[in-house]
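Novice: What follows is a single structure, and I will ask about it in a moment.
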Amino acid sequence: MIRGVRGATTVTQNDENEIVNSTEELIMELIEQNAIEAANVASVFISVTADINAEFPAKALRRFSSWKYVPVMCMKEINVKGSLPLCIRVMIHVNTDKAQQDIIHIYLKDAVTLRPDLIKE
């Protein structure tokens, strides 16, 4: 079964290093918390708000050699008035036997406000 594992984080500014490092931190946490192996990943979608364009956040995944063949796509989040600025969202599509309620979604930094109902203590 393919499940979506999602997460989000924020950056303080539109800076190449911060974008890549924050994305790497988020993805590493998603991988660790959900025991994700690259061979089981169908694809990864990464979206950013309109105020992020200094670098592709997908560059963070290229730091993991075992993820070399995982398809990754970056896209712009729709620009909704009042939405969280400087936000990076990730959706990993992974083959897993886990039940939907057993997936651990990760929200870091200011992104914790997006889905407080999914934050696990």
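The values are calculated or read from the model by the stated rules, or taken from the named source; none is laboratory data. All values derive from a computational prediction rather than experimental measurement. Here Cβ is always computed from backbone atoms with ideal geometry, including for glycine, and neighbour counts include all displayed protein chains.
Novice: Tally up the residues in the stretch 1-33 that are within 12 Å of V90 (Cβ to Cβ) and either at pLDDT below 95 or out of contact with any helix residue (DSSP H, G or I) (no Cβ under 7 Å at 6 or more places or on another chain) (or both), please.
Specialist: Total satisfying the criteria: 9.
Novice: Restricting to the stretch 87-102, what's the tally of residues that are in contact with a helix residue (DSSP H, G or I) (Cβ under 8 Å, 6 or more places away or on another chain) and among the aliphatic types (A, V, I, L, M)?
Specialist: 4
Novice: Now, a different point. What single numbered condition from (1) buried (at least 18 other Cβ atoms within 10 Å of the Cβ); (2) under 12 Å from R6 (Cα atoms); (3) not hydrophobic (A, V, I, L, M, F, W, C) fails to hold for Q100?
Specialist: With respect to (1) buried (at least 18 other Cβ atoms within 10 Å of the Cβ); (2) under 12 Å from R6 (Cα atoms); (3) not hydrophobic (A, V, I, L, M, F, W, C), Q100 is out only on (1).
Novice: From (1) in contact (Cβ under 8 Å) with a residue 60 or more places away in the chain; (2) under 29 Å from M1 (Cα atoms), pick out the condition that doesn't hold for I119.
Specialist: Only one criterion in (1) in contact (Cβ under 8 Å) with a residue 60 or more places away in the chain; (2) under 29 Å from M1 (Cα atoms) is unmet by I119, namely (1).
Novice: Evaluate the stretch 72-86: report whether one residue or more is modelled with pLDDT of 95 or more, closer than 23 Å to I119 by Cβ and of a type in the set (D, E).
Specialist: Yes, there is a match, as at least one residue in the stretch 72-86 is modelled with pLDDT of 95 or more, closer than 23 Å to I119 by Cβ and of a type in the set (D, E).
Novice: Which condition number in (1) in a loop (DSSP other than H, G, I, E, B); (2) free of Cβ contacts under 8 Å to residues at least 24 places away in the same chain; (3) among the β-branched types (V, I, T); (4) surrounded by 18 or more Cβ atoms within 10 Å (Cβ to Cβ) is the one that I31 fails?
Specialist: In the conditions (1) in a loop (DSSP other than H, G, I, E, B); (2) free of Cβ contacts under 8 Å to residues at least 24 places away in the same chain; (3) among the β-branched types (V, I, T); (4) surrounded by 18 or more Cβ atoms within 10 Å (Cβ to Cβ), I31 misses (1) alone.
Novice: While we're here: Restricting the search to the stretch 67-86, which residues are aliphatic (A, V, I, L, M), out of contact with any helix residue (DSSP H, G or I) (no Cβ under 7 Å at 6 or more places or on another chain) and closer than 17 Å to A38 by Cβ?
Specialist: Passing the criteria: only M73.
Novice: Applying the selection to the stretch 37-84, what residues are aromatic (F, W, Y) and surrounded by fewer than 12 Cβ atoms within 10 Å (Cβ to Cβ)?
Specialist: Correct list: Y69 only.
Novice: Moving on to the next point. If a residue must be more than 17 Å from K76 (Cβ to Cβ) and either β-branched (V, I, T) or free of Cβ contacts under 8 Å to residues at least 12 places away in the same chain (or both), how many such residues does the stretch 40-57 contain?
Specialist: The number of residues fulfilling the criteria is 1.
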